[in-house]
Amino acid sequence: MDMMENLKQAAIALSEADALLVTAGAGMGVDSGLPDFRGNEGFWKAYPPMAKLGVSFVEMANPWWFERDPALAWGFYGHRLNLYRRTVPHAGFGRLLEIGRGKREGYFVFTSNVDGQFQAAGYDEGRIEECHGSIHHLQCVRPCSQDIWEARGENPDVDEAQFRARGPLPRCPRCGALARPNVLMFNDWDWIPHRTQAQSERFHRWLEGLSRKKASLAVVELGAGKAVATVRMTSEGAARGDRATLIRINPRDTDVPSGHLSIPLGAEEGILRVTARHDA
């Protein structure tokens with residue numbers, strides 16, 4: 001099928017489904033103005049000081065930096081926290097939320113993004129799984145306990161030229177050691193997972209409920225690449241069976257399992273074009 005036919009079929013699947021699952025990778029936030037970390041070039045364009053150091057995203061997104069160079073670690077994560085807080089989610093977030101709220105069996109979100117954009121767009125906190133954690137929550141670097149707390153009171157002061165944090169760094173309220181985001185990083189053996197595990201349990205209970213009720217499901221996947229394929233695998237797993245349709249919106253990695261739909265567009269444009277036909 002060509003794209004126009006896929007748009008038509010996606011709108012039908014979205015309209016007829018009893019429930020909506022939104023799955024999202026990093027490409028979902030690009031249309032809101034968030035940086036694309038695809039490859040070293042994308043990362044270094046967003047963070048030029050890292051290019052000078054020759055540090056890749058995989059190397060920087062490592063808890064080791066909180067011990068070796070805390071000011072650099074919090075420069076990187078503090079800048080991201082500040083950026084995500086001031087970023088306004090694009091219109092596609094709201095359109096999917098509106099449709100999801102209208103479904104008989106509701107909606108759920110599964111995302112590898114740590115930016116909190118779905119919460120900022122008004123999605124129910126209890127209907128989101130953030131499989132890599134959230135930058136808006138903190139934990140102890142050691143860790144001295146299993147505590148996770150909100151970063152609401154932290155406002156990192158970051159030197160934008162050097163991407164280094166200035167002034168006092170976030171601390172663990174229990175032991176006084178350095179705090180870090182409750183984000184699953186590379187080579188991360190100290191990430192505290194219980195917040196994400198609770199989200200995952202709610203997600204799977206929802207999916208099990210759909211199965212018991214024989215409810216139909218539309219899975220709208222947005223900006224999920226193949227480098228870390230967690231989101232794609234979750235989408236395809238949820239869309240197995242004859243009562244589910246996967247709508248993969250992605251300008252690059254467009255292949256889909258047989259019987260499902262590919263929309264080779266960016267997240268916002270793809271959502272708006274599918275939902276415009278849904279509303280027609």
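The values are calculated or read from the model by the stated rules, or taken from the named source; none is laboratory data. For clarity, every value in this text was computed on a predicted model and none was experimentally measured. Using ideal geometry, Cβ is built from the backbone for each residue, glycine included, and neighbour counts are taken over all protein chains shown.
Observations, loosely collected:
- Checking each residue in region 94-113 for being farther than 16 Å from Glu16 by Cβ and out of contact with any helix residue (DSSP H, G or I) (no Cβ under 8 Å at 6 or more places or on another chain) picks out Gly94, Leu97, Glu98, Arg101.
- Unmet requirement for Gly102, which otherwise passes all of (1) at pLDDT 95 or above; (2) on the phi > 0 side of the Ramachandran plot: (2)
- Candidate set: region 41-89, residues that are in a loop (DSSP other than H, G, I, E, B) and of a type in the set (Val, Ile, Thr); chosen: the one farthest from Ala267 (Cα to Cα): Val55
- In region 151-176, the residue that is surrounded by the fewest Cβ atoms within 10 Å (Cβ to Cβ) out of those that are in a loop (DSSP other than H, G, I, E, B) and among the basic types (Lys, Arg) is Arg152.
- Exclusive hit being surrounded by 19 or more Cβ atoms within 10 Å (Cβ to Cβ) and within 15 Å of Thr23 (Cα to Cα), set Val228, Val220, Val274: Val220
- Residue ID - nearest to Tyr107 (Cα to Cα), chosen from residues in region 133-146 that are in contact (Cβ under 8 Å) with a residue 40 or more places away in the chain and surrounded by fewer than 21 Cβ atoms within 10 Å (Cβ to Cβ): His137
- Test: residue in region 109-126 that is touching a residue at least 40 places away in the same chain (Cβ under 8 Å) and under 16 Å from Arg171 (Cα atoms): no
- Counting only strands (runs of 3 or more DSSP E) wholly contained in region 185-280, the ones carrying 1 or more residues that are more than 14 Å from Thr111 (Cα to Cα) and polar (S, T, N, Q) occupy 244-249, 261-263.
- Annotation note: Cβ proximity below 7 Å between a residue of region 194-222 that is farther than 18 Å from Asn113 by Cβ and without any contact (Cβ under 8 Å) to a residue 40 or more places away in the chain and a residue that is basic (Lys, Arg) and surrounded by 12 or more Cβ atoms within 10 Å (Cβ to Cβ) (sequence gap 6+ or interchain) occurs for Lys214/Arg243.
- Single unsatisfied condition, Gly33 versus (1) at positive phi; (2) touching a strand residue (DSSP E or B) at 6+ places or on another chain (Cβ under 7 Å): (2)
- Of all residues in region 2-54 being aliphatic (A, V, I, L, M) and free of Cβ contacts under 8 Å to residues at least 40 places away in the same chain, the one that is surrounded by the fewest Cβ atoms within 10 Å (Cβ to Cβ): Met4
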